[in-house]
Amino acid sequence: MSRYFAPGNAAEAAELLRTTPGARVVAGGTDLVVAARGGKHPLPEVLVALHRVPELARVRETEAGIILGALTTHTWVERSGLVRSRWSALADAAAMIGSPATRSTGTIGGNLMNASPAMDLGSPLLVLDATVELRRTGGTRALTVAELLAGPGRTTAAPDELLSSVRIPAPVPGTGSAYIRLEHRRAMEIAIVGAAAALRFDSRGEIVAARLALTAAAPVCLRVPAAEAGLLGRRLDAEALAAAGRAAVAAVRPISDVRASADYRRAMTAVVVARALTLAARRAAAGSSVPGPDHPPTATGSVQ
Amino acid sequence: MTGTTSVLGQRFVRRDGPEKVTGEARYTADLAFTGLLHAKFVYAGRAHARIVAIDTTEAARMPGVHAVLTQADAPLVRYGMFVKDRTLFAHEVVRFEAEIVAAVAADTPERAAAAAAAVRVEYEDLPAVLDVDAALSPAAPVLHPDWLDYRTQDGVLRAPNDCGHMTSVKGDVDAGFAEAELQLTETYCSDMAHAVPIEPHAVVAQWQGEKVTIWTTSQVPFPARAGVAETLQIPQSNVRIVVPHLGGGFGGKCDFHFEAHVALLARATRRPVRLVFSRREEFLATDKVRHAARIELTTGVKRDGTITARRARLLLDSGAYCGDALFATEIGLMMVAGPYRVPNLYAEVHTVYTNRTPAGSVRAPGGPQTCWAVEQHTDELARLVGLDPLEFRRRNLVRAGDTGQTGQRFVSSSAQRCLDRAAELAGWPGTDLAEGEALGVAVGWWFSLSVPSGAYLKLNPDGTGTIITGAQENGSGSVMGLALLAAEELGMRPEAFSILYQDTDAGPFDIGSAGSQTTFNNGRAVMEAAREVREKLLALAAERLEIHQRDLELVDGSVRVKGAPTRSIPLAEIAAGAQLIGSGSGTPPPLPEHDLTGCGGRLGYSAFAAPSFFCHIARVRVDRETGVVSVPEVVAVHEFGRVLNPLGAQGQVEGGVIQSVGMALLEGSQYDGGHQLNPGLLGYKLVTAPDAPTVTVDFLDDAVDQGGPHGAKAVGEPPVVGTPAAIGNAIAAATGTRVRALPMNAERVWTALHRPSAGAVTAGGEA
Amino acid sequence: MRYPLNVTVNGLRASADVEPHRSLLSVLREEIGLTGPKEGCDDSECGACMVLLDGEPVNACSYLALQTDGRAVTTVEGVAPADGLHPIQRELLAAGGVQCGFCTPGIVMSAKALLDRNPDCDEDDVRHALAGNLCRCTGYQKIIAAVLRAARQPEHGPADRP
């Protein structure tokens, strides 16, 4: 007999997770309910709906960065001038998830906890050094996004832990970031492969900080330390792009599925890496901001 | 001419529009019934197997379950439009993954699904045949071991695993090749694709006494009625098919199938029973997909570009059953020469059984794949002789007086004018193109299906009218547009007509919304019915006005004396006191003269009646690094004879072009073993609003009236035929590489560019 | 187990007892009697079920009904003023943006969500606002033109808000 709870605060939600075996949280339902309807897996027997927990929807901006409550919607992220200018890669990714309906109901917490290897927010959060706060009755702990993601559909959160917020540190001035996704259509897509990059240059145009991460190229979204290290101290020329691409290709473990073959994904990894780095560099040079339009710059036919 | 202003060619708001924009329009799944039960099918879930045993006892005992039926509960009738090769439920053998093995009726959809899952079926797997090559190999298992015992329509030629083959022969093909200075052989392959109406199939059946009423999402109510009567072995008069608003069909709701299963469940339970497909079932079980095809072409040309001969072989994957697949085969055969002068031709087509989802008549069956292959081949021929693609086509396109591949004489041909107009609109050869962009062209032809149809028309006492037709509105607006033709005859406004349609107890027989035939045939029937009413009106008015009939005209809802507009009687005044009823059937125009000497098999489309022509030019942008193709614009120039409803015709062309952009770049079923891998709208991708190109539409006239109402020709299907071909040629122009598989998705384009050995170009060469 | 649901639909209070797994779409169609929102797919891909939840577009097929408790839902039935049609509806008719009509309710709702927020929209905005609404008949062109024309009219304000 399935049960449903709609707690009014986070403590109550955490307590329900602790005391009710089989309980799972649902936020917008854009992963959980859709997967159930698509026949992937049935809905959990006990649903703890979070939409009435205002503290999980709160966004706080501090000197140190921004804290996005787990219920922050993709629409909010996409429309936030602040996120677009400071954490552009995240805004890029939020703007290309699903449809307007998916974005207005889907949340950052849900996207992370669903832990799809193809999640668009994964690689941007990795390059932006985001951490998550997990809350359980009696305490909280912080994890990096890399520590959270354990495998396809799996996280390191315990069954009684609730993802309460995502903290993204303020970027060092001069940092530019970008997310590029390869897709078959301009909307309603899952990444074939995606890459996020964050770069900062010194006054001579040499890279002093580099982050690179990939979506849909391995069982989890992952950073590519070898590529990052190789970029330091050099200009972002064709050779640097190619080297980063080679390092990324060496790091990926793509699958063959209905969207693409592993061979194609591997080859495309180098392409999206180069394009993400190039756009991040352009933004770094321009003082870090996503260009005007509401729509992601990374659509089919415009990935270049 | 009956009025001062013609309503034909004017903008017109369809009568069913307001209820559709407000959400009031009821579709089959929206209907409510007292005591309704819910149906669920049990599917095979495997490609090919012998049924050892079916145990329904546990399912039948479950709470809320009213019936569990199998073939043992249905008459053992083999049915099929061309080849009677299937039964309602699997009989002894299952031949594709979504073959229906059993059906459940229960009081909730959840209980029906639970009971369906509890039906135990024991199978013995048989070797599966998964593509046309495997099926035609002499060692292949015969998928229908009793095929020789199946009854067929006249003229169907078959072989083991081939449910219909035919040949089209013209001239002397060996002599033609001897005359050629160059020749080119190529092979093109297309994936299976789906119709994908946004409304999934739904059926409700309810018995009262001996009679069953079936509300269904059918494009073809009368054939569906015949199918139910045949498989349940009851008279057609005991079957009433009603189609509420239909949420699109595109051929996927043609033929007949699930109505009978639901009727059986309703009869067994004596309750109304409803079936509603999920989207997954829509992909797996609809069994009316666009054929996967392999198309082999060899053409001989002279150095000046003159085509001297062609050999063609088409293999269409029909899946597990024949269904209405021979439409696709027959039409595909008629597309291999294209709208070109091919003096010497030998073409053969085969409709091949495999253990896949059965194929059928998706919008323009056999058209887009064949046109795509032929038009890629045409561009390659142009390249071979060093001519611009337009110039090569100009030298070979059919003209008035030429004969087509079956000897059909063209009384007119707008092919050349379509080409010239499209080139002008598209700015060929594209001097202002951006980097990575190119144009591609395709020319083609299509037919107007000439079949019987019927309509009644009556005037109401207030001077409005009602049309009662057997024709089926699938959403295109063709039935709504019948009001224009009635209004034109009677000097009325089209808005003054209500239309009673898609009810087999009301309208005369009609083949349904298939073959783009509604306006072409039912339009003539409505005009004939309206003329009968008109004669009656004029006779009555002549008496009242004491003037000869020939001095009267029907204008603005009244009968008036020519030249004396003040002497008039409103129609309402006459209609209130008289029975003004008309009926019409409209004589189908005959096929053009043709010559089938040497041809073989059932050639259902031995000539194209009232042929129409088109030219599409696509502008594409190719990202060479990723293979991603976008299509900013498609120019579509069609000659449809006279365009009666321009807004409706534009809608058909725009919608058809976008559908076929999907076919060109995105849409195709992938298989693993006998299982579709992408039976959903995320894996099987339709074009979305952000992807859709701008479609520039233009219409040309035909100076010759070829028998349609006011010279109109078929509109619905031709728009999907040419765009994949134009896009393919544009990709080749942009990349210098040809993609020989449809859809030409990003990975295939990238593979052609970066792994050329994987999809080697079959080179042309000296003859 | 069933739970009480109290939701405002098109300005009217509605209540039902529903199971946790029930979708908003099934409750709207089967309990509340509104068949304007349609079921066209299994997984939020087609948009035929689009409704507004507190003014934002939502795929009703994949939203848990109980999560709308205490909130306001607008369906296509709640869009037109009592004396006529909403400009989006009127322009869809005039432009020929309606063929089979099955996607139309969802299109109307996505378009309304856009115009309520951004009446100053351009063609690209309209295309992206409709990204989650598949139409197989029209090719979108006439729908996009209709929404742009509706946006240019002063009266497209929300009809469902008191």
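The values are calculated or read from the model by the stated rules, or taken from the named source; none is laboratory data. No experiment lies behind these values; they were computed from the predicted model shown. Neighbour counts are summed over all protein chains in view; Cβ atoms, including those assigned to glycine, are modelled from backbone coordinates with ideal geometry.
With respect to the conditions (1) away from every other protein chain (no Cβ under 14 Å); (2) over 19 Å from A:MET113 (Cα atoms), A:SER2 lacks only one, and its number is (1). Candidates are the residues of the range A:5-35 that are of a type outside the set (A, V, I, L, M, F, W, C) and not in a loop (DSSP other than H, G, I, E, B); the one that is nearest to the other protein chains (Cβ to nearest Cβ) is A:ARG24. Taking B:VAL697 as the residue in question, decide whether it is within 11 Å of chain C (Cβ to nearest Cβ), in a helix (DSSP H, G or I), touching a strand residue (DSSP E or B) at 6+ places or on another chain (Cβ under 6 Å) and surrounded by 20 or more Cβ atoms within 10 Å (Cβ to Cβ). Answer is no for this residue. Of all residues in the range C:120-145, those satisfying the criterion of being more than 8 Å from chain A (Cβ to nearest Cβ) and not in a loop (DSSP other than H, G, I, E, B) are C:GLU123, C:VAL126, C:ARG127, C:GLN141, C:LYS142, C:ILE143, C:ILE144, C:ALA145.
Filtered by the rule that a residue be assigned to a loop (DSSP other than H, G, I, E, B) and either in contact (Cβ under 8 Å) with a residue 24 or more places away in the chain or under 20 Å from A:VAL34 (Cβ atoms) (or both), the range C:79-91 gives C:VAL79, C:ALA80, C:PRO81, C:HIS86.
Within the range B:1-57, track down each residue that is in a strand (DSSP E or B) and not β-branched (Val, Ile, Thr). Hits for the range B:1-57 are B:TYR27, B:LEU37, B:HIS38, B:ALA39, B:LYS40, B:PHE41, B:TYR43, B:ALA49, B:ARG50, B:ALA53, B:ASP55.
Scanning the range B:619-642 for residues that are of a type in the set (Gly, Ala, Ser) and away from chain A (no Cβ under 14 Å), which turns out farthest from B:ARG421 (Cα to Cα)?
Here the answer is B:GLY641.
Checking every residue in the range C:135-153 against the condition of being in contact with a Cys (Cβ under 6 Å, 6 or more places away or on another chain) and surrounded by fewer than 24 Cβ atoms within 10 Å (Cβ to Cβ) gives at least one match. Might you check whether a residue that is in contact (Cβ under 8 Å) with a residue 12 or more places away in the chain, facing chain A (nearest Cβ under 9 Å), in a loop (DSSP other than H, G, I, E, B) and closer than 30 Å to B:LEU130 by Cα occurs anywhere in the range B:659-669? Yes, the conditions are met somewhere in the range B:659-669. Which of the residues spanning the range B:448-479 are farther than 18 Å from B:ARG531 by Cβ, crowded, with 19+ Cβ neighbours inside 10 Å and among the hydroxyl-bearing types (Ser, Thr, Tyr)? Within the range B:448-479, B:SER448, B:SER450, B:SER476, B:SER478 meet the criteria. Of the residues making up the range B:167-192, those that are surrounded by fewer than 20 Cβ atoms within 10 Å (Cβ to Cβ) and assigned to a helix (DSSP H, G or I) are B:ASP174, B:ALA175, B:PHE177, B:ALA178, B:GLU179. Given the condition basic (Lys, Arg) and within 27 Å of B:ALA337 (Cα to Cα), answer yes or no: does some residue in the range B:620-628 qualify? Within the range B:620-628, none of the residues are basic (Lys, Arg) and within 27 Å of B:ALA337 (Cα to Cα).
When we screen B:THR431, B:THR466 for residues that are out of contact with any Ser or Thr (no Cβ under 6 Å at 6 or more places or on another chain) and among the β-branched types (Val, Ile, Thr), the only hit is B:THR431. Just one residue in the set A:SER99, A:SER123 is within 14 Å of chain C (Cβ to nearest Cβ) and buried (at least 24 other Cβ atoms within 10 Å of the Cβ); that residue is A:SER99. Scanning the range B:102-115 turns up at least one residue that is surrounded by fewer than 19 Cβ atoms within 10 Å (Cβ to Cβ), part of a loop (DSSP other than H, G, I, E, B) and modelled with pLDDT of 95 or more.
For the condition free of Cβ contacts under 8 Å to residues at least 60 places away in the same chain and farther than 30 Å from B:LEU677 by Cβ, A:ALA243 qualifies. None of C:ALA113, C:ALA60, C:ALA65, C:ALA72 is away from chain B (no Cβ under 13 Å) and closer than 18 Å to A:ASP31 by Cα except C:ALA65.
Might you check whether a residue that is modelled with pLDDT of 95 or more and within 14 Å of chain A (Cβ to nearest Cβ) occurs anywhere in the range C:84-105? Scanning the range C:84-105 turns up at least one residue that is modelled with pLDDT of 95 or more and within 14 Å of chain A (Cβ to nearest Cβ). Please work out if B:SER568 is modelled with pLDDT of 90 or more and either touching a helix residue (DSSP H, G or I) at 6+ places or on another chain (Cβ under 6 Å) or not assigned by TED's automatic domain parsing to the domain that holds B:GLU489 (or both). Judged against the criteria, B:SER568 is not a match.
Among the residues of the range B:437-458, is any away from chain C (no Cβ under 14 Å) and at positive phi? Working first, answer last.
The first filter runs over the range B:437-458 and keeps only residues away from chain C (no Cβ under 14 Å), leaving B:437-458.
Narrowing further to those that are at positive phi: none.
For the range B:437-458, residues away from chain C (no Cβ under 14 Å) and at positive phi: absent.
Checked against (1) modelled with pLDDT under 95; (2) surrounded by fewer than 19 Cβ atoms within 10 Å (Cβ to Cβ), B:ASP702 passes all but a single condition, namely (2). When B:ALA32 is evaluated against the numbered criteria (1) within 14 Å of chain C (Cβ to nearest Cβ); (2) buried (at least 22 other Cβ atoms within 10 Å of the Cβ); (3) of a type outside the set (Val, Ile, Thr), which criterion, by number, is the only one it fails? Condition not satisfied by B:ALA32: (2).
Of all residues in the range B:720-738, those satisfying the criterion of being in a loop (DSSP other than H, G, I, E, B) and either surrounded by fewer than 24 Cβ atoms within 10 Å (Cβ to Cβ) or of a type in the set (Lys, Arg) (or both) are B:GLY736, B:THR737, B:ARG738.
Yes or no: B:THR406 buried (at least 23 other Cβ atoms within 10 Å of the Cβ) and not charged (D, E, K, R)?
Numbers: buried (at least 23 other Cβ atoms within 10 Å of the Cβ): yes; not charged (D, E, K, R): yes.
Criteria met by B:THR406.
Tallying residues that are in contact (Cβ under 8 Å) with a residue 60 or more places away in the chain, among the hydrophobic types (A, V, I, L, M, F, W, C) and touching a helix residue (DSSP H, G or I) at 6+ places or on another chain (Cβ under 6 Å) within the range B:359-416 yields 5.
Applying the criterion of being aliphatic (A, V, I, L, M) and within 33 Å of the chain's Cα centre (by Cα) to the residues of the range B:37-67, the residue that is farthest from the other protein chains (Cβ to nearest Cβ) is B:ALA49.
For the range C:2-24, check the following and say yes or no: at least one residue is under 28 Å from B:GLY680 (Cβ atoms), out of contact with any Ser or Thr (no Cβ under 8 Å at 6 or more places or on another chain), at the interface with chain B (Cβ under 9 Å from one of its Cβ atoms) and not in a strand (DSSP E or B).
At the first step, the residues of the range C:2-24 found to be under 28 Å from B:GLY680 (Cβ atoms) are C:18-24.
Imposing the further condition that a residue be out of contact with any Ser or Thr (no Cβ under 8 Å at 6 or more places or on another chain) reduces the set to C:18, C:22.
Next, from what is left, pick out any that are at the interface with chain B (Cβ under 9 Å from one of its Cβ atoms): none.
No, every residue in the range C:2-24 fails to be under 28 Å from B:GLY680 (Cβ atoms), out of contact with any Ser or Thr (no Cβ under 8 Å at 6 or more places or on another chain), at the interface with chain B (Cβ under 9 Å from one of its Cβ atoms) and not in a strand (DSSP E or B).
Determine whether the range B:478-498 contains at least one residue that is in contact with a His (Cβ under 9 Å, 6 or more places away or on another chain) and not basic (Lys, Arg). The answer is yes, given that some residue of the range B:478-498 is in contact with a His (Cβ under 9 Å, 6 or more places away or on another chain) and not basic (Lys, Arg). Close Cβ contacts (under 7 Å, 6 or more residues apart or on different chains) running from residues in the range B:744-767 that are exposed (fewer than 14 other Cβ atoms within 10 Å of the Cβ) to residues that are at pLDDT 95 or above and assigned to a helix (DSSP H, G or I) comprise B:ALA758/B:THR751.
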